[in-house]
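Below: the structure, in structure tokens.
The values are calculated or read from the model by the stated rules, or taken from the named source; none is laboratory data. Computed from a predicted structure; not experimentally measured. We place every Cβ from the backbone using ideal geometry, glycine too, and count neighbours over all the protein chains shown.
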Amino acid sequence: MFERKSHRFFAWLGVGLVLMGFMGIHAAYRRNADTPMLRGKGQMVRRLALTDLCLFTDARYARNPVLADLNTPFQDCPLSLEHFPSGSLLPVPPHLGVHPAR
Amino acid sequence: MRILEKQKNLVDFTLSSLLRRKGKNTALLVVYTFMIFLLASVMFFTGSIKKEAALVLEGAPEITVQRLVAGRHDLIPAAYLEAVREIRGVRSAAPRLWGYYYDFTSGANFTLMVDESLKDSPGVVHVGSGVLRTLMSPEHGTIPIKASDGSFHFFEIHHVFPAESDLVASDLVLMCEQDYRKVFSIPDGFATDLVLEVRNPKELTTIAGKITQLLPDTRPILRDEILRTYEAVFDWRGGVLVVILWGSVLAFVIFAWDKATGLSAEEKREIGVLKAVGWETSDVLVMKFWEGMIISLSSFLTGVVLAYLHVFFSSSVLFEPVLKGWSVLYPDFRLTPFIDGTQLAGLFFLTVVPYTVTTIVPSWRAAVIEPDSVMR
């Protein structure tokens with residue numbers, strides 16, 4: 001059946017497409033299975049009135065970027081430059097920008 | 001049927017031709033697949049975490065009111081709570097008590113927070129799984145906390161939040177109000193900030209305006225701003241990863257461009273021979289089309305499937321150092337896959353189509369000139 005190179009190539013292509021299909025099925029299955037977990041997290045956020053995700057814990061403004069002020073990263077000393085590494089991975093929240101978006 | 005048979009013959013011939021230059025084409029295939037793998041991984045990761053963040057933060061407070069003193073976040077007096085409750089359109093307002101605690105034994109920062117459900121349980125805490133991971137001796141079931149007056153308090157851990165909730169609760173230590181005030185020496189009648197619910201979401205900005213008018217030393221933060229912040233955080237982080245990858249993407253583009261546009265003398269001779277034995281220009285172009293498709297489609301399918309396995313089965317092991325930072329408590333979370341078909345289609349059209357087109361154009365140039373001049 002796969003004696004011709006073209007047959008082998010189309011079979012390989014078919015396998016790739018089937019795997020992509022499985023990806024879609026797996027994603028849908030996982031979304032369904034994870035719904036109670038996501039809902040649970042949402043309920044926790046609502047119950048405790050949380051404003052931020054726990055992504056970084058090294059600095060106050062990185063733990064709660066939403067509640068940070070523009071001067072927060074510098075407030076330990078007026079001339080100190082921000083030195084926490086997570087600062088490079090967190091942009092300034094849009095509402096704290098030079099022209100805050102509201 | 002004849003058309004199909006012709007195409008199969010062309011694919012057979014193209015594959016044989018590709019296999020004659022096995023080393024070069026395998027290198028191209030590996031680099032191409034790796035490039036798509038990296039780009040698709042960034043795409044899957046940022047897409048899923050953005051979606052998850054938006055879903056989880058849907059329940060965040062509609063308005064959070066902070067008090068600022070000399071530009072710094074300060075405790076908010078209970079009188080402010082009464083004032084905001086009087087604003088028309090505010091359905092409910094509640095104080096929040098929370099703060100940061102640096103645990104010098106583990107070098108980790110915890111978020112201490114008051115939970116109303118623990119009001120009758122002094123000395124008891126509920127903690128996130130990240131907190132438990134950092135404790136020196138978790139088997140004791142207690143957590144020592146140094147109060148602001150220097151005294152130590154040992155709290156009993158009655159509940160640990162499951163690891164699935166790490167994205168929101170990894171560093172949380174929930175306790176009753178009495179314990180919280182004792183640890184931080186915060187007097188009664190003060191809270192960290194206020195959270196508000198409004199009757200009509202369309203009035204959010206109007207109510208926020210009224211709050212700043214009534215209490216000029218406060219700053220209201222809307223839920224919309226929370227959601228926008230996290231959208232920006234993950235766009236930025238995806239951007240950072242793409243910038244890091246930019247060098248490799250560029251190197252690949254140059255490599256692929258050179259491979260696709262510059263026909264080697266051998267390839268030109270091959271086209272000349274094919275024309276001399278009776279192949280039409282269109283046949284040569286179709287053969288080159290298949291060559292581009294075989295390389296790019298194989299790379300695309302393999303790269304995307306590998307990226308999916310990387311992000312959703314191995315928790316993005318390659319990106320972990322960038323995402324983790326130096327945080328001791330960083331949550332160890334598993335992402336729920338949200339695949340955006342449009343993004344996937346975008347990746348397809350940005351990778352497969354340009355490569356296939358660039359392989360055809362130089363071949364067309366070589367195919368339209370006389371066979372003898374190409375072979376000479």
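Quick grid of which residues meet (1) more than 12 Å from chain A (Cβ to nearest Cβ); (2) exposed (fewer than 15 other Cβ atoms within 10 Å of the Cβ); (3) free of Cβ contacts under 8 Å to residues at least 24 places away in the same chain:
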{"residue": "B:A147", "(1), (2), (3)": "yes, yes, no"}
{"residue": "B:I157", "(1), (2), (3)": "yes, no, no"}
{"residue": "B:S165", "(1), (2), (3)": "no, no, no"}
{"residue": "B:D171", "(1), (2), (3)": "no, no, no"}
{"residue": "B:E177", "(1), (2), (3)": "yes, no, no"}
{"residue": "B:K182", "(1), (2), (3)": "yes, no, no"}
{"residue": "B:A191", "(1), (2), (3)": "no, no, no"}
{"residue": "B:P201", "(1), (2), (3)": "yes, yes, no"}
{"residue": "B:I207", "(1), (2), (3)": "yes, no, no"}
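Given the criterion out of contact with any helix residue (DSSP H, G or I) (no Cβ under 9 Å at 6 or more places or on another chain) and crowded, with 19+ Cβ neighbours inside 10 Å, identify the matching residue among B:L118, B:L135, B:L112, B:L97.
That would be B:L135, the only listed residue that is out of contact with any helix residue (DSSP H, G or I) (no Cβ under 9 Å at 6 or more places or on another chain) and crowded, with 19+ Cβ neighbours inside 10 Å.
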Report summary line: Counting only residues that are outside any helix (DSSP H, G or I) and within 13 Å of the chain's Cα centre (by Cα), the stretch B:289-316 contains a total of 2
Query - Any chance B:E231 is in contact (Cβ under 8 Å) with a residue 60 or more places away in the chain, within 13 Å of chain A (Cβ to nearest Cβ) and charged (D, E, K, R) - result: yes
Query raised in the report: If you take the residues of the stretch B:234-274 that are within 15 Å of B:T14 (Cα to Cα), crowded, with 17+ Cβ neighbours inside 10 Å and charged (D, E, K, R), which of them is modelled with the highest pLDDT?
Result: B:E270
Report summary line: Among (1) out of contact with any Phe, Trp or Tyr (no Cβ under 8 Å at 6 or more places or on another chain); (2) within 13 Å of chain A (Cβ to nearest Cβ), B:E139 falls short only on (2)
Report task. Could you tell me which residue of the stretch B:209-219 is nearest to the other protein chains (Cβ to nearest Cβ), considering only residues that are within 23 Å of B:G99 (Cβ to Cβ) and not hydroxyl-bearing (S, T, Y)? Result -> B:R219
Query raised in the report: Going by the conditions given, is B:H153 over 24 Å from B:A94 (Cα atoms) and more than 36 Å from the chain's Cα centre (by Cα)?
Result: yes
Requested in this report: Only residues that are more than 24 Å from the chain's Cα centre (by Cα), assigned to a helix (DSSP H, G or I) and β-branched (V, I, T): list them for the stretch B:211-245, please.
Outcome: B:I211, B:T212
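Quick grid of which residues meet (1) crowded, with 21+ Cβ neighbours inside 10 Å; (2) over 22 Å from B:F300 (Cβ atoms):
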site	(1), (2)
B:K6	no, yes
B:T14	yes, no
B:R21	no, no
B:T26	no, no
B:V30	no, no
B:A40	yes, no
B:V65	yes, yes
B:A70	no, yes
B:E82	no, yes
Query - Criterion: among the hydroxyl-bearing types (S, T, Y) and in contact with a Phe, Trp or Tyr (Cβ under 8 Å, 6 or more places away or on another chain) - qualifying residue of B:T33, B:T14 - result: B:T14
Query raised in the report: Does the stretch B:111-130 include one or more residues that are under 19 Å from A:L48 (Cα atoms), among the polar types (S, T, N, Q) and under 32 Å from the mean Cα position of the chain (by Cα)?
Result: yes
Requested in this report: Would you mind finding the one in A:D58, A:D34 that is over 20 Å from B:Y101 (Cα atoms), modelled with pLDDT of 75 or more and either exposed (fewer than 15 other Cβ atoms within 10 Å of the Cβ) or within 7 Å of another protein chain (Cβ to nearest Cβ) (or both)?
Outcome: A:D34
Query raised in the report: Is one or more of the residues making up the stretch B:280-288 away from every other protein chain (no Cβ under 14 Å) and either over 17 Å from B:T359 (Cα atoms) or basic (K, R) (or both)?
Result: yes
